[in-house]
Amino acid sequence: MEPSIVLAATPIGNDGDASPRLKQEIERADVIAAEDTRRFLTLAGRLGVEPSGRILSYYEHNEADRGPYLLELARSQRVLVVTDAGMPSVSDPGYRLVARARGAGVPVTVVPGPSAVLTALATSGLATDRFSFEGFAPRKGGERDRFLGALAGEPRTMVFFESPRRLPETLAAMVEAFGADREACVCRELTKTHEEVVRASLGELAGRFRADVLGEIAIVVAGADPLAADLGAAVEESLALEAAGLRLKDAAAHVAGRVGLRKKEVYEAAIARRG
């Protein structure tokens with residue numbers, strides 16, 4: 001077990017998905033950096049493995065201070081990094097540590113395993129040839145609306161994470177940004193006993209999930225059709241030109257002429273987006 005940083009995926013719900021390599025690393029690592037040390041010890045107990053190394057907390061709010069310390073330890077010890085579920089560095093602490101390690105010449109290896117992103121994508125029935133992972137939408141309404149609005153023209157399938165408490169308002173915001181007819185899928189409690197996967201239009205999903213639900217949530221949204229993608233990009237460019245000082249009507253006319261869209265269509269869509 002050579003000195004290095006090891007990123008290890010943990011089960012996202014079903015403990016049976018834990019790999020033999022994960023169990024081996026837990027048993028042999030000199031240091032284990034866990035997002036939640038109590039949850040990690042509970043997982044280790046369920047897996048029937050006993051950590052022999054020192055266990056440290058490593059999460060969003062201590063990442064800046066603890067990261068350099070873990071890097072220094074990894075020069076002479078094997079440091080295992082785990083999160084509560086899934087792969088470290090994907091919507092969880094880890095990528096800054098990897099960047100530091102790569103820059104310092106410290107070896108980094110990965111123990112592959114469960115991924116909520118890929119599991120949701122695969123079970124959604126939506127296109128998988130091209131996709132983007134967008135993580136959690138901003139909590140504040142205005143920021144969330146701008147975040148989703150910028151993705152309205154995205155042609156790739158999009159995967160989002162969301163808390164069960166904010167699911168209703170996020171789906172409602174997606175209806176406004178992407179349209180009620182856009183195909184999507186809400187995945188709840190993936191790989192667990194009460195797994196639920198519901199594919200429908202965003203409008204139908206927003207109607208179904210009007211109240212808080214329980215469990216971990218992933219939302220998969222179909223990409224925009226090519227015309228919508230072109231219009232979305234034209235709207236964003238028009239608004240950017242307006243922000244730079246050009247009248248919106250002139251900006252829309254300029255962009256529409258360049259990309260082959262009707263200027264009235266671009267202008268009205270920009271007005272709607274801005275409003």
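The values are calculated or read from the model by the stated rules, or taken from the named source; none is laboratory data. Just so it is clear, the structure is predicted and the values come from calculations on it, not from any experiment. Cβ placement follows ideal geometry from the backbone for every residue including glycine, while neighbour counts extend to all protein chains displayed. Quick note on the areas: whole protein, heavy atoms, side chains included, nothing else; ligands and nucleic acids left out. Shrake-Rupley method; radii C 1.70, N 1.55, O 1.52, S 1.80 Å.
Restricting attention to region 243-261, and to residues there that are assigned to a helix (DSSP H, G or I) and not small (Gly, Ala, Ser), which single residue is most open to solvent (accessible area, probe 1.4 Å)?
Top of the filtered list is ARG258.
Yes or no: region 212-223 includes at least one residue that is farther than 15 Å from LEU148 by Cβ and more than 21 Å from the chain's Cα centre (by Cα).
No, region 212-223 contains no residue that is farther than 15 Å from LEU148 by Cβ and more than 21 Å from the chain's Cα centre (by Cα).
Inside region 92-107, can you point out the residues that are of a type outside the set (D, E, K, R), in contact (Cβ under 8 Å) with a residue 24 or more places away in the chain and surrounded by fewer than 17 Cβ atoms within 10 Å (Cβ to Cβ)?
Of everything in region 92-107, those that are of a type outside the set (D, E, K, R), in contact (Cβ under 8 Å) with a residue 24 or more places away in the chain and surrounded by fewer than 17 Cβ atoms within 10 Å (Cβ to Cβ) turn out to be ALA104, PRO107.
Looking at region 26-39, which of its residues are within 23 Å of SER76 (Cβ to Cβ) and either part of a loop (DSSP other than H, G, I, E, B) or open to solvent by 10 Å² or more (accessible area, probe 1.4 Å) (or both)?
GLU27, ARG28, ALA29, ASP30, THR37
Failed condition for ALA218, given (1) open to solvent by less than 20 Å² (accessible area, probe 1.4 Å); (2) out of contact with any Gly (no Cβ under 7 Å at 6 or more places or on another chain); (3) in a helix (DSSP H, G or I), with all others met?
(3)
With respect to ARG21, is the statement that it is under 21 Å from GLY103 (Cα atoms), open to solvent by 20 Å² or more (accessible area, probe 1.4 Å) and either modelled with pLDDT of 95 or more or not in a strand (DSSP E or B) (or both) true?
no
For region 145-174, give me the residue count where each residue is modelled with pLDDT under 95, buried (at least 19 other Cβ atoms within 10 Å of the Cβ) and assigned to a helix (DSSP H, G or I).
Selection size over region 145-174: 2.
Consider ALA177 carefully, then state whether it is surrounded by 20 or more Cβ atoms within 10 Å (Cβ to Cβ), at pLDDT below 95 and either touching a helix residue (DSSP H, G or I) at 6+ places or on another chain (Cβ under 8 Å) or in a helix (DSSP H, G or I) (or both).
yes
Looking at (1) open to solvent by 50 Å² or more (accessible area, probe 1.4 Å); (2) among the small types (Gly, Ala, Ser); (3) modelled with pLDDT of 95 or more, find the lone condition where GLY203 falls short.
(1)
Output the qualifying pairs, or none if there are none: Cβ atoms under 8 angstrom, residues six or more apart or on different chains, first residue in region 109-127 and over 14 Å from MET158 (Cβ atoms), second residue open to solvent by 60 Å² or more (accessible area, probe 1.4 Å) and part of a helix (DSSP H, G or I).
So the pair list comes out as VAL111/ARG21; GLY113/ASP17; PRO114/ASP17.
Here's a check for you: in region 53-82, which residue that is in a loop (DSSP other than H, G, I, E, B) and at pLDDT 95 or above is surrounded by the most Cβ atoms within 10 Å (Cβ to Cβ)?
TYR58
Considering every residue within region 250-259, establish whether at least one is under 22 Å from the mean Cα position of the chain (by Cα) and either within 22 Å of ARG144 (Cβ to Cβ) or small (Gly, Ala, Ser) (or both).
no
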